[in-house]
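Working notes, structure below.
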Amino acid sequence: MSYYGWGEEHEALRDRVGEFAREEVAPVAAGLSRRAEFPYALVGAMGELGLFGLPFPERYGGGGGDYLSLCLAVEELARVDSSVAATLSAAVSLGALPISMFGDPGQKERWLPELCAGHALAAFGLTEPHGGTDAGAPRTTAVEDGTAWVVDGTKSFITNSGTDITRLVTVTAVTGEREDGGPEISAIAVPSETPGLTVADAYTKLGWRASDTHELSFSSCRVPRENLVGVRGRGLSQFLAVLDRSRITLAALGVGVAQGCVDEAVRHAGEREAFGVRIGEHQAVRFRIADMEARTHNARLSYHYAVARMLRREPFSKEAAIAKLTASEAAVDNARDAVQVLGGQGYMDDSTVARHYRDAKILEIGEGTSEVQRMVIADRLGLP
């Protein structure tokens with residue numbers, strides 16, 4: 001349960017998504033990961049469940065729910081498989097959210113209904129090959145030419161960017177120079193069918209193997225001027241506002257991984273025997289699993305608190321960073337400990353905890369590394 005606004009509708013959603021994860025995702029997750037195969041059928045089923053539209057207005061086909069609903073859905077999916085959870089998380093909190101938060105009425109009418117239905121996916125183009133964490137210094141440019149923007153540059157590690165149902169990517173690009181001489185950064189939506197947009201081959205990754213991730217290159221991509229998302233020159237601040245919310249979703253994903261590791265460790269400790277007793281009777285194993293549960297519990301409360309502040313329209317950037325930091329480290333630590341509890345079985349490639357182990361590490365890197373989260377926390381504390 002949550003201390004921060006969990007109602008009956010949230011519990012019903014959690015139960016519904018948890019059942020879907022166990023019955024539909026769990027039986028196919030290992031195979032999808034092994035083949036690095038994008039889960040189109042599961043995406044369609046999640047669309048029918050209304051998961052892609054959870055936090056968006058009903059007028060655009062959304063569920064009219066709140067951000068906690070999305071986080072609960074992501075957490076339940078991640079207990080079973082991170083690739084499927086990441087696909088939902090990125091589609092909503094990175095792909096559709098910039099359009100919902102900053103798009104004009106025409107952009108919302110054009111793109112949100114398909115995105116809310118899960119019939120289409122959108123991507124979030126921030127990271128570049130040279131920059132990584134330095135999101136404030138993009139080399140991608142967008143130059144006005146009559147009624148169009150001409151976009152040139154490269155974006156890397158972009159989730160949901162190369163699927164058969166990807167419809168657009170919203171990118172940050174330098175659109176001019178500020179009065180202080182710094183780059184003017186704006187956000188521009190580039191539809192997937194735009195000539196000059198090239199999707200590179202999918203990355204071969206340590207984890208999230210069934211999640212779609214590509215490098216994108218833009219060569220004289222002409223898009224209408226009305227594809228400017230939000231206010232010219234405010235692209236970076238808009239994307240950072242999106243990232244604050246997305247970090248909470250990623251924290252929920254980390255909690256799901258951490259909880260999934262607890263689930264598997266408890267199951268194995270109750271079944272496996274060594275030295276004439278179940279290994280769950282050995283104090284070393286009991287204490288290890290108790291620590292895993294404590295980490296999960298604390299991380300869950302952390303992201304619930306961040307969501308509560310967001311929904312109350314209180315500052316939540318620091319709390320989002322704390323949640324993301326806490327949950328990602330809980331996921332990595334619990335995955336390591338779960339493999340240790342399961343021993344040889346946990347080390348086998350198709351085991352659930354081995355997949356959790358591979359998947360967890362990206363949580364300390366993506367959407368701001370753990371070092372970045374500590375920077376955000378320190379800045380909000382007013383440290384020099």
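Here are some notes:
Residues are listed down the side, and each one gets a yes or a no for (1) farther than 30 Å from Tyr60 by Cβ; (2) at pLDDT below 95; (3) part of a strand (DSSP E or B); (4) out of contact with any strand residue (DSSP E or B) (no Cβ under 7 Å at 6 or more places or on another chain):
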{"residue": "Leu115", "(1), (2), (3), (4)": "no, no, no, no"}
{"residue": "Ala122", "(1), (2), (3), (4)": "no, no, yes, no"}
{"residue": "Thr127", "(1), (2), (3), (4)": "no, yes, no, no"}
{"residue": "Thr133", "(1), (2), (3), (4)": "yes, yes, no, yes"}
{"residue": "Pro138", "(1), (2), (3), (4)": "no, yes, no, no"}
{"residue": "Val151", "(1), (2), (3), (4)": "no, no, yes, no"}
{"residue": "Thr154", "(1), (2), (3), (4)": "yes, no, yes, no"}
{"residue": "Asp180", "(1), (2), (3), (4)": "yes, yes, no, yes"}
{"residue": "Ser217", "(1), (2), (3), (4)": "yes, no, yes, no"}
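- Residue under evaluation Tyr203, criteria (1) in the same structural domain as Asp350 (by TED's automatic domain parsing); (2) in a loop (DSSP other than H, G, I, E, B), criterion not met: (1)
- Yes/no for Val171 being surrounded by 23 or more Cβ atoms within 10 Å (Cβ to Cβ), free of Cβ contacts under 8 Å to residues at least 60 places away in the same chain and either not aliphatic (A, V, I, L, M) or not in a loop (DSSP other than H, G, I, E, B) (or both): yes
- Residue match in the range 95-109 (condition: in contact (Cβ under 8 Å) with a residue 40 or more places away in the chain, among the hydroxyl-bearing types (Ser, Thr, Tyr) and crowded, with 24+ Cβ neighbours inside 10 Å): no
- Extreme residue, farthest from Ala120 (Cα to Cα), among residues of the range 30-43 that are part of a helix (DSSP H, G or I) and within 18 Å of the chain's Cα centre (by Cα): Ser33
- Among the residues making up the range 321-365, those that are surrounded by fewer than 20 Cβ atoms within 10 Å (Cβ to Cβ), assigned to a helix (DSSP H, G or I) and of a type in the set (D, E, K, R) are Glu329, Asp333, Arg336, Arg358, Lys361, Glu364.
- Restricting Arg167, Arg178 to residues that are over 30 Å from Ala41 (Cα atoms) and of a type in the set (Lys, Arg) narrows the list to Arg178.
- When Glu144 is tested against the conditions (1) within 22 Å of His214 (Cβ to Cβ); (2) assigned to a strand (DSSP E or B); (3) acidic (Asp, Glu), the lone failure is (1).
The values are calculated or read from the model by the stated rules, or taken from the named source; none is laboratory data. Model, not experiment: these values are computed from the prediction. Because the Cβ atoms are built from the backbone with ideal geometry, glycine has one as well, and the counts that use them run over all protein chains shown.
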